[in-house]
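Shown next, in structure tokens, is the structure this report addresses.
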Amino acid sequence: MSRFTTLFSRLNNEGAFVPFLMLGDPSPEDTLAIVRTLIAAGADALELGVPFSDPVADGPTIQASHVRALAGGVGLADALALIRTIREEFPRLPLGILVYGNVPFSRGLDTFYREFAEAGADAILLPDIPVREGAPFIAAAERAGIDPVFIAPAQASEAVLESVSAHSKGYIYAVSRDGVTGTEKQSETTGLKEAVEHVAHFGGAPILLGFGISRPEHVRAAVQAGAAGAITGSAITRIVEKHCVPDASRSSHPESHSRSHSEHDLPAYRVDNMEALQAELGEYVREMKKATL
């Protein structure tokens, strides 16, 4: 039984609150401190992003987190090392990974999924790979023991939703609205029940609702609509960003070959006051988690 399956079984009628965090934003050391804060405050699972130079499914807030991580020299090896460390510290914690499709293509599908499985990942979502193109990724994921996860678009046809439900394991990522990630366009609480029921009609894995989930009422509405929980990314990332300052002492990493030329000119960052960040982040997560009860 996967860690996500175990989590949803344990929570029963309680919803899951799943924060998204970019690995290496603003530094690997800061990431670990932030992860510990999220878990201590009540996060049920984590969705962890792998930095990429062209994150087309993300809004400005999370795009900026990709840039900060890359500017600090965080590459794939660093991301895998962070996942290993998190897994060692939190052996029962479900870990979903969000990574763009070019990364497994470049690495080789079997190598990519094997490396993430060995690091301790449970599920992988490729936000730019629709389910109709997912067959080779699904096969490689299953060979490695990784749960493949697909996005259920807000306006998808019944055929697409049926395919997403059939092929997603661990959980289904249902988007609460069209567009990219971010609190720039927040979710409306009206219509969520219909959206969740539209996906749930085809059975399959539990549904986590994402995109524009930034306030406790969004989480509460998602759970009341029948979702197994909610994923929050941009609101978490905004809190991290607020506490970041340039760090001239850090230089780029040679592995960061996927960065554009302009990113080489950007400064690395660090958290200026971790205690203040942890206090703000902890309070936010506690309030969001309360909304799942």
Would you mention how many residues in region 53-71 are of a type outside the set (Val, Ile, Thr) and over 11 Å from Leu23 (Cα atoms)?
-> 10
Would you check which residues across region 73-100 are touching a helix residue (DSSP H, G or I) at 6+ places or on another chain (Cβ under 8 Å) and among the small types (Gly, Ala, Ser) and list them?
-> Ala81, Gly96
Those residues of region 18-71 which are among the charged types (D, E, K, R) and more than 21 Å from Pro246 (Cα to Cα), in sequence order = Arg36, Asp44, Glu47, Asp54, Asp58
Could you tell me whether region 116-123 includes any residue that is over 24 Å from Glu197 (Cα atoms), part of a helix (DSSP H, G or I), touching a Gly at 6+ places or on another chain (Cβ under 6 Å) and of a type outside the set (Ser, Thr, Tyr)?
-> yes
Are any residues in region 89-128 farther than 30 Å from Pro246 by Cα and either acidic (Asp, Glu) or in contact with a His (Cβ under 8 Å, 6 or more places away or on another chain) (or both), and if so, which ones?
-> Asp110, Glu115, Glu118, Asp122, Asp128
Look through region 146-155, keep the residues that are of a type in the set (A, V, I, L, M) and part of a strand (DSSP E or B), and return whichever of them is nearest to Glu194 (Cα to Cα).
-> Ala152
Hey, Asp128 more than 21 Å from Met1 (Cα to Cα) and assigned to a loop (DSSP other than H, G, I, E, B) or not = yes
Answer yes or no: is there a residue in region 18-33 that is among the aliphatic types (A, V, I, L, M), farther than 20 Å from Tyr173 by Cα, at pLDDT 95 or above and surrounded by fewer than 18 Cβ atoms within 10 Å (Cβ to Cβ).
-> yes
Filter region 1-17 for residues that are modelled with pLDDT of 95 or more and either out of contact with any helix residue (DSSP H, G or I) (no Cβ under 8 Å at 6 or more places or on another chain) or part of a loop (DSSP other than H, G, I, E, B) (or both) and give the result.
-> Arg3, Phe4, Thr5, Thr6, Leu7, Phe8, Ser9, Arg10, Leu11, Glu14, Gly15
Here, helices (runs of 4 or more DSSP H) confined to region 51-114 with at least 1 residues that are touching a Lys or Arg at 6+ places or on another chain (Cβ under 9 Å) are 60-71, 76-89
Are any residues in region 26-50 part of a helix (DSSP H, G or I), under 15 Å from Leu281 (Cβ atoms) and of a type outside the set (A, V, I, L, M), and if so, which ones?
-> Asp30, Thr31, Arg36, Thr37
Among helices (runs of 4 or more DSSP H) lying entirely in region 156-268, which contain 2 or more residues that are modelled with pLDDT of 95 or more and surrounded by fewer than 23 Cβ atoms within 10 Å (Cβ to Cβ)?
-> 158-167, 216-224, 234-242
Would you call Ala123 farther than 20 Å from Ala152 by Cβ, crowded, with 24+ Cβ neighbours inside 10 Å and of a type in the set (Gly, Ala, Ser)?
-> no
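The values are calculated or read from the model by the stated rules, or taken from the named source; none is laboratory data. As the structure is a computational prediction, the values presented were derived from the model and not from experiment. Neighbour counts are summed over all protein chains in view; Cβ atoms, including those assigned to glycine, are modelled from backbone coordinates with ideal geometry.
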